[in-house]
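So the structure is just underneath, and the comments pick up after that.
The values are calculated or read from the model by the stated rules, or taken from the named source; none is laboratory data. Nothing here was measured: the structure is a model prediction, and the numbers come from that model. Positions of Cβ are generated from backbone atoms using ideal geometry, with glycine treated the same way; all protein chains shown enter the neighbour counts. These accessible areas exclude ligands, DNA and RNA; they are computed on the full protein's heavy atoms, side chains included. Shrake-Rupley method; radii C 1.70, N 1.55, O 1.52, S 1.80 Å.
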Amino acid sequence: MSEDTSFRPSLLGQLVSIGWIGQHPGDGGDFPMLLTFSPGDGVLGPEVAEPAIREVIAAWGLTLGSMVQNPKIDGQLVAASLDGVTVHVTGFPGLTISRPTSPEWAAIARKRGQIFFSLTTLSWPEGPTATEEQTYQFIEDVQTRTSAVSMLIPVV
């Protein structure tokens, strides 16, 4: 795809986030996790949404399959803030990701001062209506992880 998708959100469709409490890779303690994906509902479907997200990630200077700590895009820090139990991820040009979380998730994020954030190019149409087991399978799927850019971002 050769067109600039960073200004064509209709190709991406909506972005959906899943939040859960996972394990910190260093100490094994509780750690707040957030995975964002498209259900493939862009105007041209998942066949176009997936490469559109890949192009946006590349335009941001990020690499699929990588883990980035405290990423900056165009000089802007990608960071999370909490408004009560709602997390807001900012620093992406033209995009803020917001998601209600649980009091426990928000407390861990505040205590740690950091969250794990992942944006996958893999479309998942079932995501918004998935069962807990289906959600866990999607999160743990190798293809979901290898089709994503992962970040450790500060809570500011």
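As a length-normalised measure over Cα pairs under 8 Å and 6 or more apart, the relative contact order of the range 1-155 settles at 28 percent. Averaged per residue, the chain has 51 square angstrom of accessible surface, using a 1.4 angstrom probe with ligands and nucleic acids left out.
For the chain, modelled as a GNM whose springs connect Cα atoms under 10 angstrom apart, the maximal fluctuation among T129, T144, T121 occurs at T129. Counted by Cβ distance under 13 Å from Q137, the other residues give a net charge of -4, where Lys and Arg count +1 and Asp and Glu count -1. Estimated from helices alone, the mean residue ellipticity of the chain at 222 nm is -7500 deg cm²/dmol (sum of -39500 (n - 2.57) over DSSP H runs with n ≥ 4, per residue). With viscosity 1.306 mPa s and temperature 10 °C, the Kirkwood radius over alpha carbon pairs of the range 32-134 converts through Stokes-Einstein to a diffusion coefficient of 106 µm²/s. Dipole check for the chain: with +1 at the C-beta of Lys and Arg, -1 at the C-beta of Asp and Glu, and the Cα centre as origin, the magnitude is about 540 Debye.
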